[in-house]
Amino acid sequence: MLVRQIILALIGLSAGVAVAGGLFAFIIELGVIADFADRTHTGEKILLYEDCTALGGIIGNLVYIFHIRIPFGNVLLLPFGLLVGIFVGCWAMALAEILNVFPIFIRRLKVTRYITAFVLSMALGRGLGALLFFVKGW
């Protein structure tokens, strides 16, 4: 029975490492971190940024799995949520940009005159959806 539990733990740990490695490789491949470094003119520190991204994922998983209490958690929640939201939004836009989703979509629907309204409506929809999710608890 103990051997079975150890084997299951090793399989779970290996699968988690593989999935996390793939996710971080995907984030780095999308160029989100490189784009941030380029825009802030700190390209020489890109390896540090990539290491910090991986470390943040590891620490976040440890906090989630082991239910570690963070001191001043309520005070840090707003800035943390804001920064995570900005990062995820940039990640989603980088993915859409790489896949050329928006140019193809706009050309096929022939809505080039309404690009501003289109982008604004997507942003407002995302904001309203997030507001409903957090206020109503859906």
Pairs returned, first residue in segment 39-57 that is closer than 18 Å to A94 by Cβ, second residue that is outside any helix (DSSP H, G or I), beta-carbon separation under 9 angstrom, 6 or more apart or interchain, are Y49/T42
Is there any pair linking a residue in segment 12-36 that is over 16 Å from G57 (Cα atoms) to one that is at pLDDT 80 or above and in a helix (DSSP H, G or I), with Cβ under 8 Å and at least six apart or on different chains, and which?
A34/G43; A34/I46; F36/Y49
The one condition in (1) touching a residue at least 24 places away in the same chain (Cβ under 8 Å); (2) among the charged types (D, E, K, R); (3) loosely packed, with under 10 Cβ neighbours inside 10 Å that R69 fails to fulfil
(1)
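Criterion first (within 15 Å of the chain's Cα centre (by Cα) and either exposed (fewer than 12 other Cβ atoms within 10 Å of the Cβ) or not in a helix (DSSP H, G or I) (or both)) does L78 satisfy it?
On the way: within 15 Å of the chain's Cα centre (by Cα): no; either exposed (fewer than 12 other Cβ atoms within 10 Å of the Cβ) or not in a helix (DSSP H, G or I) (or both): yes.
Considered against the rule, which asks whether it is within 15 Å of the chain's Cα centre (by Cα) and either exposed (fewer than 12 other Cβ atoms within 10 Å of the Cβ) or not in a helix (DSSP H, G or I) (or both), L78 comes out as no.
Whether any residue in segment 25-37 is closer than 20 Å to V84 by Cα and in contact with a Leu (Cβ under 8 Å, 6 or more places away or on another chain) is what I want to check. Reasoning before the result, please.
Start the filter on segment 25-37 by keeping residues that are closer than 20 Å to V84 by Cα, which leaves 25-37.
Within this subset, residues satisfying the condition of being in contact with a Leu (Cβ under 8 Å, 6 or more places away or on another chain) are 30.
For segment 25-37, residues closer than 20 Å to V84 by Cα and in contact with a Leu (Cβ under 8 Å, 6 or more places away or on another chain): present.
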When you look at R39, is it of a type in the set (K, R), under 22 Å from the mean Cα position of the chain (by Cα) and at negative phi, yes or no?
yes
For segment 58-78, give me the residue count where each residue is within 22 Å of G89 (Cα to Cα) and of a type in the set (V, I, T).
2
If you check L23, L13, which single one turns out to be farther than 17 Å from W91 by Cβ and either surrounded by 10 or more Cβ atoms within 10 Å (Cβ to Cβ) or touching a Lys or Arg at 6+ places or on another chain (Cβ under 6 Å) (or both)?
L13
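For (1) β-branched (V, I, T); (2) exposed (fewer than 11 other Cβ atoms within 10 Å of the Cβ), each residue gets a yes or a no:
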residue	(1), (2)
L83	no, yes
V88	yes, no
M93	no, no
A96	no, no
F105	no, no
L131	no, yes
Number of the condition not met by N61 [criteria: (1) touching a residue at least 40 places away in the same chain (Cβ under 8 Å); (2) part of a loop (DSSP other than H, G, I, E, B)]:
(2)
Hey, does segment 38-50 have a residue that's of a type in the set (A, V, I, L, M), assigned to a helix (DSSP H, G or I) and out of contact with any helix residue (DSSP H, G or I) (no Cβ under 8 Å at 6 or more places or on another chain)?
yes
Quick one: I68 ticks every box in (1) under 27 Å from D35 (Cα atoms); (2) not in a helix (DSSP H, G or I) except a single one, so which number is it?
(1)
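Restrict the check to segment 14-34 and report whether at least one residue is under 16 Å from the mean Cα position of the chain (by Cα) and at positive phi.
So the first thing to find is which residues in segment 14-34 are under 16 Å from the mean Cα position of the chain (by Cα), and the list is 19-34.
Then drop every residue that is not at positive phi, which leaves 31.
Yes; the residues of segment 14-34 include at least one that is under 16 Å from the mean Cα position of the chain (by Cα) and at positive phi.
The values are calculated or read from the model by the stated rules, or taken from the named source; none is laboratory data. The structure displayed is predicted, hence computed values, not measured ones. A quick note on method: Cβ atoms are made from the backbone with ideal geometry, for glycine too, and the neighbour counts reach across all protein chains shown.
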